[in-house]
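The values are calculated or read from the model by the stated rules, or taken from the named source; none is laboratory data. Values in this document were obtained by computation on a predicted structure and should not be read as measured data. Neighbour counts run over all protein chains shown; Cβ positions are idealised from the backbone, glycine included. What goes into the accessible areas is simple: the full protein's heavy atoms, side chains included, and nothing from ligands, DNA or RNA. Shrake-Rupley method; radii C 1.70, N 1.55, O 1.52, S 1.80 Å.
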Amino acid sequence: VSNDALKQMVKDTLKKLGGFTDLEIESVEGMSGKNLYYRNKVQVPVGCVKGKTICGFYKRETHDIIPLNECYIQTEYSTEIVKFTKNVLCEFGATGYNEKVDKGDIRHILVRKNHDESEYMIVLIVKSIDFMIKKDLNLAIDKIIKRYPKVVSIILNENSKKGNTILGEKCVTVYGKDTITDTLCGCKFNIGAKSFYQVNHDQCEKLYTIAIEKAKLSSNDVVIDAYCGIGTIGIIASKYVKHVYGVEVVDEAIVNAKANAILNNAKNIKFVCAKAEEQIVKWMENDVKPNVIFVDPPRKGCDKKFIDTVISMKINKVIYVSCDPSTLARDARMLVDNNYKVKFVKPVDLFPHTSHIETIMCFELAE
């Protein structure tokens, strides 16, 4: 999908779903140079067809697995790790998962890497951790790390539920570390098996740099980082402001965020595990007076109560980072209908060769 087409898609969606007829949309921040092999995370379904375990990607709009030979948007090393790991596990008697009959051992193989490719993590999403541990797992692990010495972490994740959710709640580290470490915008981040972390490192640096620049932060600012994940935006922003408050509903992410704050010696930041819409009310009741809020929600966008609270708190600047133009249009309309002005709209292509687009939208409270 061309940059012009992506820009037009953002413009059309904001117009159709948000009623924004005359917004100036900046040009798409594309990926310079080679835009292949950029993904730092791959999650590959493992299935069973006619008694044979296969791994690959789902055929469009189905759960039929097309076997994986090569993928041009993830590193070749990641692809090879997935294929080799599947074969090794099969050697030791593990089978692919058949979701129609809810049988089989391995549901997905997830591989993460850091930017300089010095550390790789393998997460095996399995139906039963206990069953996998009873297998000759150590022998399988030895084979994997001997073949791929950059693998510094192997984790079992248990998902025993029916349905298409990939990760389950329980994780057990069976080799190496619980996290891998990456550097982003001059800060270090520990990334766990379930951590949200943007899949395109170089474009993510552009995304966060633009968002923080457009916020025009100063040393007196008090900032909220909503839907903060492992603390990326808040920790990067903390270098420029008086204080940052981060909130995220995923407990493991907050554990990572607190560790990441220590890792970066960010002493002016506080992370809380809670629903964003509930926590910002508590902060308001405790006389926290933010003048900037960064919002980077999941695809479904912000909870209406959250937007209502941002409006009632009269937070001066809202920097919204969106992965879905349709929910951005809905939330932007609520802000603009309540005395906020759109100051800036910038699409950033984090997902070359796909129709997905990230968009930064900045709002300021009218005087």
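Here is how the numbers come out for the structure above:
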item: Solvent-accessible area, 1.4 Å probe, carbon plus sulfur percent, for region 129-197; result: 51
item: Placed amide H near Asn114: partners under 5 Å, 5+ positions off or other chain; result: Glu119
item: Value of [θ]222 nm, deg cm²/dmol, for the chain, DSSP H segments ≥ 4, -39500 (n - 2.57) each, nearest 500; result: -9500 deg cm²/dmol
item: Inter-site label distance for Arg147 and Phe131 at 7 Å from Cα along Cβ, in nm; result: 2.2
item: Within straight-line cross-link reach of Lys161, aspartates and glutamates at Cα separation under 12 Å, skipping those fewer than 8 residues along the same chain; result: Glu99, Asp102, Glu169
item: Angle between the chain longest axis and helix 325-336 axis [Cα atoms, degrees, rounded to 10]; result: 20
item: Dipole in debye (nearest 20) - region 194-299, about Cα centre, beta carbon charges: Lys, Arg +1; Asp, Glu -1; result: 240
item: Expected-Rg normalisation [2.2 N^0.38 Å, Cα atoms] applied to region 233-338; result: 1.06
item: Semi-axes of the equivalent ellipsoid for region 165-323, Cα gyration tensor, largest first, Å; result: 25, 18, 15
item: Assigned charges on the beta-carbon of Lys, Arg, Asp, Glu; the chain dipole about Cα centre (debye); result: 620
item: Helix 76-91 axis, angle to the chain major axis (alpha carbon atoms, nearest 10°); result: 40
item: Flagged links, alpha-carbon separation over 21 Å, of Lys127/Lys188; Lys41/Lys83; Lys59/Lys127; Lys113/Lys194; Lys239/Lys270; result: Lys127/Lys188; Lys59/Lys127
item: Stokes-Einstein D in µm²/s, Kirkwood radius over Cα pairs - the chain at 4 °C with 1.567 mPa s viscosity; result: 59
item: Point-to-point label distance, Thr183-Thr354, nm (Cα→Cβ direction, 7 Å offset); result: 2.7
item: Degrees between helix 201-215 axis and first principal axis of the chain (Cα, 0 to 90, nearest 10); result: 20
item: Modelled FRET efficiency - R0 25 Å, Asn87 with Asp251, Cβ distances, 0.05 increments; result: 0.10
item: Under 5 Å, built H, 5+ apart or other chain: amide partners of Asn264; result: none
item: Residue of Gly192, Gly246, Gly30 that the Gaussian network model of the chain assigns the largest fluctuation, springs spanning Cα pairs under 10 Å; result: Gly30
item: For region 101-112, 3J(HN,Hα) per residue [Karplus equation, 6.51 cos²θ - 1.76 cosθ + 1.60, θ = phi - 60°, Hz, x = Gly/Pro]; result: 10, 6, 10, x, 9, 9, 9, 9, 10, 10, 10, 10
item: Total formal charge among the other residues, if their Cβ is under 14 angstrom from that of Glu119, Lys/Arg +1 and Asp/Glu -1; result: +2
item: Accessible area per residue, Å², the chain with all protein chains present, probe 1.4 Å; result: 47
item: Thr62 versus Lys314: modelled label distance in nm, points set 7 Å from Cα along the beta carbon direction; result: 5.9
item: Fraction of accessible area attributable to carbon and sulfur, region 1-124 (%, probe 1.4 Å); result: 47
item: Amide H contacts under 5 Å for Arg107, placed H, 5+ residues apart; result: Ile125, Val126, Lys127
